[in-house]
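One structure is given here, and the rest of the page talks about it.
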Amino acid sequence: MPADAPTILATSGGIVAGERTRWEIGPLTRHAIELAGVTGRAPRVCYLGTAGGDSTEGIRNFYDLAQLAGLHGSHVQLFTMPNVPDLREHLLSQDVIWVFGGSVAGLLAMWELHGVGEVMREAWEVGVVLTGVSAGSICWHVGGTTDSFGPDLRPITNGLALLPYSNGVHYDSEEQRRPLFQSLVAGGTLPPGYATDDGAGLLYRGTELVEALAENDRAGAYFVDRTAAGEAVETELDVRRL
């Protein structure tokens, strides 16, 4: 059952440490699954760990938490070859696509090679809920800040641009993130955009931000714009606590 509008929940969170498994689904991801509106069966949730090199540990951890949460879990991996015969058919059959973190530069390169970006746009347009953390947040936007190239953060500007904004992740937990994001927006390298502290998420319907959410009592979300004088202006958003 598709969502009633193209839906993206882009986060700096969505997973929490588990008691019986390495990870459990956090409130942000649970909310993304609820937005799919599935009734009468287990929600179909597909994990993409491309940004982490499709690590076997990440895939195993996903299936552990999916079983615990009562999901119909599946995964798409691209290394060393795609694990499903038809990427488009598999991704369009999902209720939720969940993209994990790692190298957003590597993710975008592999997705371009395999045509995944085009499929993601189609899935988004037909109502498959797209969600993800870190690299799995930036990828839906025009770009953001990344450590894909080394410990000194750099801009990434070749995101899928389903959303016409830039995206800053881990805004409160990595000291380079906030000043670099602001300077890139101020200088025009990135368009104005939205940023999230760890544990916060941005819910978009179509290309409109409809609310900022958080799965803890501290995380904030922000809009960073550029003035005519070429300066960054940060506005803190209202956040609904899940």
> If you go through the stretch 16-53, how many residues are in contact (Cβ under 8 Å) with a residue 60 or more places away in the chain, assigned to a strand (DSSP E or B) and either of a type outside the set (Val, Ile, Thr) or in contact with a His (Cβ under 8 Å, 6 or more places away or on another chain) (or both)?
Replying inline: 1
> In this structure, does residue 175 turn out to be surrounded by fewer than 17 Cβ atoms within 10 Å (Cβ to Cβ), closer than 26 Å to residue 205 by Cβ, over 16 Å from the mean Cα position of the chain (by Cα) and among the acidic types (Asp, Glu)?
Replying inline: no
>> On the basis of being under 20 Å from residue 201 (Cβ atoms) and either hydroxyl-bearing (Ser, Thr, Tyr) or out of contact with any His (no Cβ under 9 Å at 6 or more places or on another chain) (or both), does residue 70 make the cut?
In response: no
> Taking the stretch 107-134, which residues are buried (at least 16 other Cβ atoms within 10 Å of the Cβ) and out of contact with any Leu (no Cβ under 9 Å at 6 or more places or on another chain)?
Replying inline: 127, 134
>> residue 88 - would you say it is farther than 15 Å from residue 194 by Cβ and either within 13 Å of the chain's Cα centre (by Cα) or part of a helix (DSSP H, G or I) (or both)?
In response: yes
>> Among the numbered criteria (1) more than 24 Å from residue 240 (Cα to Cα); (2) modelled with pLDDT under 95; (3) surrounded by 15 or more Cβ atoms within 10 Å (Cβ to Cβ), which one does residue 22 miss?
In response: (3)
> Of the numbered conditions (1) surrounded by fewer than 18 Cβ atoms within 10 Å (Cβ to Cβ); (2) in contact with a helix residue (DSSP H, G or I) (Cβ under 9 Å, 6 or more places away or on another chain); (3) at pLDDT 95 or above, residue 39 satisfies every one except a single condition; which is it?
Replying inline: (2)
> Which residues, counting only those in the stretch 135-171, are among the polar types (S, T, N, Q) and open to solvent by less than 20 Å² (accessible area, probe 1.4 Å)?
Replying inline: 137, 145, 146, 166, 167
>> Step by step: first the residues of the stretch 202-216, then only those that are assigned to a loop (DSSP other than H, G, I, E, B) and within 18 Å of residue 15 (Cβ to Cβ), then the one that is farthest from the chain's Cα centre (by Cα). Which residue is that?
In response: 216
> For residue 235, are the conditions met, namely being β-branched (Val, Ile, Thr) and part of a strand (DSSP E or B)?
Replying inline: yes
> Looking only at the stretch 65-85, which residues are hydrophobic (A, V, I, L, M, F, W, C), crowded, with 19+ Cβ neighbours inside 10 Å and not in a loop (DSSP other than H, G, I, E, B)?
Replying inline: 65, 66, 76
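The values are calculated or read from the model by the stated rules, or taken from the named source; none is laboratory data. Predicted, not measured: the structure shown is a model, and the values here were computed from it. Reconstructed Cβ throughout: ideal geometry from the backbone, glycine too, with neighbour counts over all protein chains shown. Quick note on the areas: whole protein, heavy atoms, side chains included, nothing else; ligands and nucleic acids left out. Shrake-Rupley method; radii C 1.70, N 1.55, O 1.52, S 1.80 Å.
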